[in-house]
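Okay, structure first, notes after.
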Ligand code: GLN
Ligand code: ZN
């Protein structure tokens, strides 16, 4: 007997049904009942899809984010929201999305909760807020309702929750001790919840403590020990789940945690399993994540069995099988991929295929490999083909990568020299204003794209239509009075997919959606082979846009590290190798833009930070190749060409050194949601080049006022010399409406004018 279970299922739906329902509900196009109905159908479908498993997850479904759900489950609702009228669900969406108002002082304005990455994934959670007044108050109604729903389907259930210590760790407070002071009262609520689950007849609950794969201070370790010391007394078995990495020194905590079962990510921590087993007590369960929940490659079933069989022989029914982590991070089903190259398709597995792989492995363990002989040989043959495939390997590219040298990543002169040359051409005022690249992706744009896909318009008609939109964007920006313009990215559905489609070595899914945050999904392209750039990818659009205006037009590219981090990456060579290939391909594009007369080129590295390993001790190695990749892409230009880069999210105090080494002339960054907190980094570290701290939170529909922008820039001026300050939004505007963008950018320009007057004499 081998128990199979799942840690979590993608909640958005194969066709993004949840996304569309949520957005319609927010726009008041459907009722709450209709939204609930869609959600219920999705849950039902997902449990149905997992019915062969011995335990199916409950509590993994969410209207926005499971960390926000946890906050609501335990009644940790920010004070500013508690004061609002409305239902619990209204409050929930208010924390998630904020609410617009023209003035921050206006009664109707509500600040959204901060959002940040879930460990090293591209999933974003809403950061729990803790103060010394935080009180917890269990409200398990929704969770228990889901449990009842699941049970109606006749399946054996296991509720999955973020564990108490990880929950605190993920949150925002004055300091760690403020968080940990809350632990006892939080634990009481967890205990009450576990009690309730037991009363519902539940035998297992899964508590996720992925912080166990990070470097923990003694205090956090103690918090884990004391928490589980008390939780394990509950009348329910606890499966404590870790994932995304190795436990390393935290293995020693396992005996002290004393729960009834552990889940370990056997993809990322395979070589630790033999070390972990001796730490287990007699009856403890070891759940192994044997199928990668983070990528889309088929599992090598034979090799997995090679190492898994001896473990099974030792542990017998104490061995459970699962994916390495929640399947939240992969698309749902390959069945819908009718257009992909069948050979490449045969190398892949999405969530449902991964569940099937687990079933096969479980069967092979229980009944012997003979019982699944056919599947195993098929799997072997298929992986062998992938290894040998000409589609994967290109000797010329491998050679080019081999010849990468330091010089390739160096600018001709230092910043102080370059900026003089750039400024003599660009002639920008103090506090230059710009945007991050994209303008609203309207229905019209999506229609044009879909018409092209369906063959309803020709390629040249498509180009004309897109050019019209570019012209509109340029016209608008000129009318606002922005200094450095962008073409608006209407030809891009997604900043990585766009380039992936034009690069060799990539394939695309039709329905490979993965939730990024709330209703936002991305369809990460798949890197299956060596990367090259057959022809220019952006030059036509950018030069057209430049032809419409005298203002400088920014060329707009996505950097190699971001392309890598937002793709599903091949697993048959180191990530660094793939990144260098991308860097060389993007470098050619940069040089072509320069050649075409573009004076400013922005290379977005929105995802550089999220590629950081979870453990600090591994950061430097990543940063070395990531920064070098960016430099290879960016720094082949002449001094007079200005390189910009953009990064989303605010915590980069700890990598500011590396960011400086990228040596971009201008960097634009997220700051408005965290009220310029980021700039503290510049107190200790003098960033040598120009910076545009975002002054407009584009994640929320709120329109920033002139005063709020002036105020933010003045705060920034405390840290950065005004000669090196730019004014721009936090990120691209593609998710916003024109009706929000127009007043916001007008306010931004007006703020710049006020500031120029004020600081002119400096
Ligand atoms: N240039 C991109 C845009 O404006 C950057 C997006 C991002 O950083 N995520 O949409
Ligand atoms: Zn951004």
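Any read-out appearing in this document is the output of simple, stated calculations on the displayed coordinates, not a laboratory observation. Nothing here was measured: the structure is a model prediction, and the numbers come from that model. A quick note on method: Cβ atoms are made from the backbone with ideal geometry, for glycine too, and the neighbour counts reach across all protein chains shown.
If the chain linking residue 547 and residue 191 were pulled fully straight, counting 0.36 nm for each residue of separation and taking away their Cα-Cα distance, it would gain 121.6 nm.
In terms of its alpha-carbon gyration tensor, the range 513-594 comes out oblate; a/c meets the 1.5 threshold, while b/c is at least as large as a/b.
As a proxy for reagent exposure, 646, 699 were ordered by neighbouring Cβ count within 10 angstrom, fewest first; the result is 699, 646.
Judged by the mean number of other Cβ atoms found within 10 Å, the most tightly packed of the peptides 409-415, 431-437 leads the ranking 431-437, 409-415. Highest-first packing order for the peptide set 207-220, 303-316 is 207-220, 303-316, based on the mean count of other beta carbon atoms within 10 Å. Entry note: the range 513-556 has Rg to Rh equal to 1.17, where both radii use alpha-carbon atoms and Rh is the Kirkwood radius. For the chain, a Kirkwood radius taken over Cα pairs fed into Stokes-Einstein (25 °C, viscosity 0.890 mPa s) yields D = 90 µm²/s. A straight line joining the Cα centroids of the range 20-68 and the range 341-416 runs 32 Å. Averaged over residues, the count of other Cβ atoms within 10 Å places the peptides 380-391, 138-149 in the sequence 138-149, 380-391, highest first.
Given R₀ = 60 Å, FRET efficiency for residue 307-residue 754 by Cβ-Cβ distance, to 0.05? Working from the Cβ atoms, E equals 0.35.
Under the criterion of Cα pairs below 8 Å and six or more residues apart, the relative contact order for the range 398-526 equals 21 percent. Measure nothing but the geometry: give the 0 to 90° angle between the long axis through the Cα atoms of 32-49 and the longest principal axis through the Cα atoms of the chain, rounded to 10°. Value to nearest ten degrees: 60. Label-to-label distance, residue 393 versus residue 80, with points set 7 angstrom from Cα along the beta-carbon direction: 5.7 nm. Extension gain for residue 1-residue 407 works out to 140.3 nm (0.36 nm per residue, less the C-alpha to C-alpha distance).
The C-alpha radius of gyration of the range 1-93, expressed as a fraction of 2.2 N^0.38 Å, stands at 1.25.
With the simple model of a label 7 Å out from the Cα in the direction of the Cβ, residue 596 to residue 132 spans 5.9 nm. Rounded to the nearest 0.05, what FRET efficiency do residue 274 and residue 620 have when you use their Cβ-Cβ distance and R0 = 41 Å? Using R0 = 41 Å, I get an efficiency of 0.90.
Label-to-label distance, residue 41 versus residue 15, with points set 7 angstrom from Cα along the beta-carbon direction: 0.8 nm. Helix content alone sets the calculated 222 nm mean residue ellipticity of the chain: runs of n ≥ 4 DSSP H residues at -39500 (n - 2.57) each, divided across all residues, give -13000 deg cm²/dmol.
Here 654, 639, 175, 282 are placed in order of increasing Cβ neighbour count within 10 Å, fewest first, which gives 282, 175, 654, 639.
Taking the C-alpha atoms only, the angle from helix 88-97 to the longest principal axis of the chain is near 40 degrees.
Once you reduce the range 149-192 and the range 731-762 to the center of their Cα atoms, the two points are 41 Å from each other. Over the Cα atoms of the range 196-296, each weighted equally, I'd like the Debye log10 I(q)/I(0) at q = 0.12, 0.24 Å⁻¹, rounded to two decimals. For the requested q values the scattering log ratios are -0.38, -1.36. Under 1.5 on a/c is rounded, so check that first for the range 399-503, then, if it is not, pick prolate when a/b is larger than b/c and oblate when it is not; a ≥ b ≥ c are the square roots of the alpha carbon gyration tensor eigenvalues. Oblate, because a/c is 1.5 or more while a/b does not exceed b/c.
How would the range 384-445 be classified by its alpha-carbon gyration tensor: rounded, prolate or oblate, with rounded meaning a/c under 1.5 and the a/b versus b/c comparison settling the rest? The shape class here is oblate. Ignoring solvent entirely, what values of log10 I(q)/I(0) come out of the Debye formula for the range 671-762 at 0.17, 0.20, 0.23 Å⁻¹ when each Cα is a single scatterer? For the requested q values the scattering log ratios are -0.70, -0.93, -1.17.
With 18 Å as the cut-off, how large is the P(r) tail for the range 591-673, expressed as percent of Cα-Cα pairs?
Summing the P(r) tail past 18 Å for the range 591-673 gives 43 percent.
Shown for 20, 439, 652: other C-beta atoms within 10 Å of each C-beta, ranked fewest to most, produce the order 20, 652, 439. For the range 630-741, the relative contact order is 27 percent, taking Cα pairs closer than 8 Å that sit 6 or more residues apart in sequence and dividing their mean separation by the residue count. Multiplying the residue separation of residue 442 and residue 108 by 0.36 nm and removing their Cα-Cα distance gives an extension gain of 117.6 nm.
Once the Cβ-Cβ distance between residue 141 and residue 761 is put in as r, and R0 is 56 Å, what FRET efficiency do you end up with, to the nearest 0.05? Mind dumping the intermediate values first?
On the way: r = 61 Å, r/R0 = 1.10.
E between residue 141 and residue 761, to the nearest 0.05, is 0.35.
Relative to the longest principal axis of the Cα atoms of the chain, helix 218-231 runs at roughly 40 degrees.
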